[in-house]
Each structure stands twice: as C-alpha cells, then as structure tokens.
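The values are calculated or read from the model by the stated rules, or taken from the named source; none is laboratory data. Everything numeric in this text was worked out from a predicted model, so none of it was measured. Please note: Cβ atoms are built from the backbone with ideal geometry, for glycine as well, and neighbour counts cover all protein chains shown.
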Amino acid sequence: MAFLRLFLYGNYSYPFPGADGRAGIVEDSGMNMADIGPYLKKHTEALVKDVGIEAACEITGKSKATLGRYYSDNPDHADRFVPVDAVARLEAVATYPHVTSALADLKNITLSYDERNSQRSRTGGVNSDVIALSQRFAMLMTEYQ
C-alpha cells in the first residue's frame, strides 16, 4: 500500500531499505552520524590532494577556498560536502576512488578496483599480473594505514 501511495501521490515518505532490509546508514555502518562527516571529509581531502589542488580547481570549476571548505574540519563548514558530480570528475583522474571507497565502506560494501577495462592494452603474462597484484595490495595497505 505504501508503494501505491508513493506512486500515486509522490509525497509519501518511506525510508529506502538496505541490502538486509533495514533502513538507514548508521545501523549498517557501526558509525554514528557525528563520525560520518569527518570520515567523508578526510577522504575528500585525500582525493583533492591526490589530484592536486590546482588541477582539482580546473576540473571541478571550484575555487581553492571552496574545495578547502569541503574537507575542512572547522565547525562552520561541518555541513558542507563536495558535490557528487565533482567527485566523479576528480575520481576519473585520481589514482584511487577515495570518496567512493569511503561511501562503500560506510555501507559495508566491497568494491573491486580493476584497471583491466581501461584504454591501455594488456601485454599479459604471469609476471605482469603478479606485479599488478602487488601494486594493488600496496595501494590497499596504504589506504588501510
């Protein structure tokens, strides 16, 4: 019945359930709302610094001050977060999808970061695959640290 009201009237408020049927991010992540903001801001800062502040300004069309507010821990900027379109543009040129992985982590989702679908061709061979796996593991350990 709730779906029917939503479909017909469009104003029925119903929380969207997670994979386990429960609603809300806080219960699934083990984090409370006060911890989520600083966590996302930390990963936003990592993303901007990965790309470089000047390049991030050009890519997003935002000023240095605006980008700085997105990852500032100042209480005045606690409710400011980077827009999702800016995240997509920055992560397209970054070495790692920092914010996407943080969001996935909040929902206990595992992402598989795979560069095999990129534009460059694979030369193949066991040695190159072992090197690629080692590099991915190093990236994982860097993020974990």
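When segment 96-114 is examined, which residues are found to be modelled with pLDDT of 90 or more and of a type in the set (Gly, Ala, Ser)?
101, 102, 104
So which helices (runs of 4 or more DSSP H) are wholly in segment 17-66 and hold at least 3 residues that are at pLDDT 90 or above, out of contact with any Gly (no Cβ under 7 Å at 6 or more places or on another chain) and not acidic (Asp, Glu)?
Hits in segment 17-66: 33-51, 53-60.
Do we find that residue 41 is surrounded by 20 or more Cβ atoms within 10 Å (Cβ to Cβ) and either in contact with a helix residue (DSSP H, G or I) (Cβ under 6 Å, 6 or more places away or on another chain) or touching a residue at least 12 places away in the same chain (Cβ under 8 Å) (or both) in this structure?
Yes: the conditions hold for residue 41.
Which pairs do you get when a residue that is assigned to a loop (DSSP other than H, G, I, E, B), found in segment 98-110, comes within reach of a residue that is aliphatic (A, V, I, L, M), reach meaning Cβ atoms under 6 angstrom, with the pair 6+ apart or on two chains?
Pairs that qualify, where the first residue is assigned to a loop (DSSP other than H, G, I, E, B) and the partner is aliphatic (A, V, I, L, M): there are none.
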